[in-house]
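Structure first, commentary second.
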Amino acid sequence: MAFVTLKELMDKAEAGKYAVGAFNCNNMEIIQAIIQAAEAEKSPVIVQASQGAIKYAGLSYIVAMTRLAAEEASVPVCLHLDHGTSFDQVMQCIRQGFSSVMIDGSKLELEENIKLTNRVLDVARAVGVSVEAELGKIGGTEDDITVSEWEASMTDPEEAKTFVEQTGVDALAVAIGTAHGQYKGTPKLDFERLAKIRELVPVPIVLHGSSGVPDDAIRKAVELGVRKINIDTNIREAFVKGVNEVLAKNPNEIDPRKILGPAKEKMTEIIREKIRLFGSGGKA
């Protein structure tokens, strides 16, 4: 099966009131784990590559491995650029065959973000590629910010309305209290803000930094209109746990297959759990 667009997956998720998992990949084992989990749960899935992944594995490697996985899969697979920061990089990904891209202009002023997003949309629309944008600043858990700064970085519902009206993006990533990386405590999501955004914005909402968010909070977010949920840190944790367990039992192991095989199994397990939590199982 060729790649499907994010819009296609989001339209179905909106109709079915569930969210589709977007799982970050960095190598072959992670891509295989994502696809195996989606196949096992009969779920549509989004494989996404960040700046770091592209730098590490190479753009053409990511595309080739994911394309092969998608062609052999019986479930719909979308290949998505996570946090594209420049017009040029987004264009490179579109040329290489991504079916969806994210242009992250969240550090820009509203008007500049709208301008950059529309520039990407003009090209993406012409070639049938979906576009996700971001409003509000989703920080890292390591960022040392005060409560007032935290509040100021949240997505303003009225700005979200303006942004979507002036761009017509396929999905909007919002900042409602999540962060990238490992949480030191338990994140508290601003559901009131999310409900207000959803009331004013007709496009699917994306939740970044969702690893470590309690299950009940994820369920509530899905109820309130979140349709794409990004997971990266949990996959990394599972990978490392699998590797550590093998090496703890056999420190002299030198066969990469015996080290990475169990890591792949651990990642598949956590991704299956997330798919069930998001409600997309059986929706392929």
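A few remarks follow.
- Only one of LEU277, LEU260 that is of a type in the set (A, V, I, L, M, F, W, C) and more than 20 Å from the chain's Cα centre (by Cα): LEU260
- Among residues of the stretch 67-89 that are modelled with pLDDT of 95 or more, those with a beta-carbon under 6 Å from a residue that is among the basic types (Lys, Arg) at least six positions away or on a different chain give the pairs PHE87/ARG119.
- Of the helices (runs of 4 or more DSSP H) lying entirely inside the stretch 192-284, those containing at least 2 residues that are within 21 Å of SER50 (Cβ to Cβ), among the β-branched types (Val, Ile, Thr) and at pLDDT 95 or above span 233-249, 256-278.
- Qualifying residue in the stretch 273-281 (condition: crowded, with 18+ Cβ neighbours inside 10 Å, of a type in the set (D, E, K, R) and either out of contact with any Cys (no Cβ under 7 Å at 6 or more places or on another chain) or closer than 25 Å to VAL131 by Cα (or both)): yes
- Looking at ALA57, ALA64, ALA40, just one residue is more than 23 Å from VAL169 (Cβ to Cβ), in contact (Cβ under 8 Å) with a residue 24 or more places away in the chain and either surrounded by fewer than 17 Cβ atoms within 10 Å (Cβ to Cβ) or hydroxyl-bearing (Ser, Thr, Tyr) (or both), and that residue is ALA40.
- Being within 20 Å of PHE163 (Cα to Cα) and crowded, with 16+ Cβ neighbours inside 10 Å holds for only one residue in VAL226, VAL246, VAL213, VAL222, and it is VAL226.
- Those residues of the stretch 73-98 which are more than 15 Å from the chain's Cα centre (by Cα) and closer than 20 Å to VAL20 by Cα, in sequence order: ALA73, SER74, VAL75, PRO76
- Selection status of ALA195, farther than 19 Å from ASP82 by Cα, aliphatic (A, V, I, L, M), touching a residue at least 24 places away in the same chain (Cβ under 8 Å) and surrounded by fewer than 18 Cβ atoms within 10 Å (Cβ to Cβ): yes
- Condition check for GLN51 on (1) at pLDDT 95 or above; (2) within 15 Å of the chain's Cα centre (by Cα): one failure, at (1).
- For the stretch 161-184, the candidate set comprises residues that are touching a His at 6+ places or on another chain (Cβ under 8 Å) and outside any loop (DSSP other than H, G, I, E, B); within that set, the residue that is surrounded by the most Cβ atoms within 10 Å (Cβ to Cβ) is ALA173.
- From the options GLN32, GLN48, residue that is touching a strand residue (DSSP E or B) at 6+ places or on another chain (Cβ under 7 Å), within 18 Å of ALA2 (Cα to Cα) and in contact (Cβ under 8 Å) with a residue 40 or more places away in the chain: GLN48
The values are calculated or read from the model by the stated rules, or taken from the named source; none is laboratory data. Computed from a predicted structure; not experimentally measured. We place every Cβ from the backbone using ideal geometry, glycine too, and count neighbours over all the protein chains shown.
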